Amino acid sequence: MYDFDEIIDRRGTWTEKYAELDLMFGTEDVLPLWVADMDFRTPDFVREAIAKRLEHPILSYTVIPDNYFPTISAWLERLHGWKVAPCNIRYMPGLVKAQAFVINYFLKPGDKIIIQPPVYHRFAQIPRTNGFETVSNPLVRVEDKDGFLERYEMDFDHLESVIDDKCKMLILCNPHNPSGRAWDRATLERLAEITLKHGILVLSDEINAETVFYGKKHIPFASISPEAAANSITMMAPSKTFNIAGIVSSYIIISNPALRDSFFKWLDENSFDLPTLFAIEATLACYTKGWEWRQEMLRYIEGNIDAADSWIRTNLPRVRCVRPQAAPTIWLDCTKLGYTQPELMHNLLHEAKVAFNDGTQFGPEGAGYLRINIAGPRKFLLEAFQRLKDSGKF
């Protein structure tokens with residue numbers, strides 16, 4: 001029903017993927033598969049909802065409609081089996097901003113934040129920008145029979161060894177970015193046990209919760225147990241799933257009144273939790289009309305994963321895709337090529353003329369890796385891989 005093979009020219013729209021190529025990579029003469037948004041057409045039901053609202057000639061100050069938070073709540077229960085009271089949800093003007101709000105509200109100078117690299121670079125950047133020290137609990141590399149990365153696991157022994165009385169928060173990436181690991185229940189239960197024991201608040205970034213593949217189920221950290229729910233804050237959004245990142249439609253979930261009430265009051269008093277007119281329209285459209293589109297999008301991206309894995313195994317035997325369970329990106333293991341990271345990026349950009357994310361953006365543990373956005377027409381993906389082969393460097 002939906003055409004995910006459609007080629008759409010995004011240049012001239014201020015899209016980050018093209019507008020910042022020169023800034024990020026020093027060249028614009030590359031095929032960009034780096035920013036983790038989609039090259040798919042934003043669904044018609046979203047654009048139609050916005051167009052209908054634009055038929056009215058006044059774009060006014062807007063109140064939150066009565067069905068806004070109940071609609072989000074109903075979506076969470078349908079998708080994850082997770083019952084969230086509408087009163088526990090608040091709009092956020094982006095998850096990076098939400099992370100900054102939470103860190104600055106709940107922590108005091110001298111507190112430390114635990115992160116689990118390789119991981120989304122903002123998990124390190126935002127704490128440090130705001131004067132907090134990060135403590136690294138690196139994920140453990142589990143290899144396949146050929147010595148390539150198969151998946152990451154959490155290192156709980158190391159986690160307990162680095163915790164001291166200054167560690168007050170752990171930022172969880174669930175599902176994991178960049179590897180696409182959908183954390184299993186046993187892992188999340190063990191993490192909940194340790195963080196509860198040490199009084200460490202879990203801030204769980206679950207922006208990719210809706211893009212889970214091959215029948216896997218996303219498990220919200222807060223759904224693990226009442227205790228986990230009471231000791232965590234969850235961040236979510238429809239933006240990755242429905243390609244509406246430019247609208248800014250994020251939200252935060254807190255069930256523990258001891259955390260929730262004063263924080264929500266602070267958000268309200270500072271007007272941080274007021275959704276824009278189009279965030280309301282887009283979210284309601286996504287969560288009432290988006291089920292079928294999402295299902296078709298997931299099947300298409302699964303096809304991209306299969307095509308990428310097969311093509312690389314056949315044509316680039318020294319490189320391997322880490323097959324994602326969630327999130328529309330591939331973590332590409334290039335460690336057997338023997339390049340330094342600068343050499344790897346030089347060959348990627350100037351020999352193959354392709355732009356992927358530098359693995360070290362996610363921490364030093366990302367050396368030897370590249371992250372690829374696969375949420376686009378298969379033609380782009382296979383062209384990028386052909387360029388790697390044709391360069392003779394991969």
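A short reminder: the numbers here are calculations on the coordinates, not readings from a lab. These numbers come from a predicted model, not from an experiment. Cβ coordinates were reconstructed from backbone atoms using ideal geometry, including for glycine residues, and neighbour counts include every protein chain displayed.
Quick notes on this one:
- Taking every DSSP beta bridge that has both ends in the range 151-310, the antiparallel portion is near 25%.
- Anchor Lys217: aspartates and glutamates whose Cα lies under 14 Å away (excluding residues fewer than 8 positions away in-chain): Glu77, Asp184, Glu206
- Label-to-label distance, nm, for residues given as His350 and Tyr61 (7 Å Cα→Cβ offset): 5.6
- Across the range 83-91, computed HN-Hα scalar couplings (Karplus, 6.51 cos²θ - 1.76 cosθ + 1.60, θ = phi - 60°) run 8, 10, 5, x, 5, 8, 10, 9, 5 Hz from first to last residue, x flagging Gly and Pro.
- Whole-Hz ³J(HN,Hα) from phi, Karplus 6.51 cos²θ - 1.76 cosθ + 1.60, for the range 14-22, glycine and proline x: 6, 6, 4, 4, 9, 5, 10, 4, 5
- Computed from the C-beta positions of Lys265 and Leu54 and an R0 of 30 Å, the FRET efficiency is 0.35 to the nearest 0.05.
- The smallest convex shape that holds all Cα atoms of the range 228-378, its convex hull, gives 171 Å³ per residue.
- Under 16 Å of direct C-alpha separation, and excluding same-chain neighbours fewer than eight residues apart, Lys166 reaches these aspartates and glutamates: Asp111, Glu133.
- Once the Cβ-Cβ distance of Asp164 and Lys83 is raised to the sixth power relative to R0 = 22 Å, the FRET efficiency obtained is 0.05.
- Spatially proximal aspartates and glutamates relative to Lys353 (Cα-Cα < 14 Å; intrachain offsets below 8 disregarded): Asp22, Glu28, Asp29, Glu343, Glu383, Asp390
- Short-range pairs are left out: with C-alpha atoms under 8 Å and at least six residues apart, the relative contact order of the chain is 23 percent.
- Segment Arg10-Gln386, length gained on full extension (0.36 nm per residue, minus Cα span): 133.1 nm
- Three-way shape label, the range 6-104, alpha-carbon gyration tensor, a/c 1.5: prolate
- Exposed loop sites are taken as GluC sites (Glu not before Pro) in a DSSP loop (any state but H, G, I, E or B) with at most 11 other beta carbon atoms within 10 Å; the longest stretch of the chain without one runs 56-394.
- Share of pairwise Cα separations in the range 152-288, more than 22 Å, in percent: 45
- Each Lys or Arg adds one and each Asp or Glu takes one away; over the other residues whose Cβ falls under 15 Å from the Cβ of Pro109, this sums to +2.
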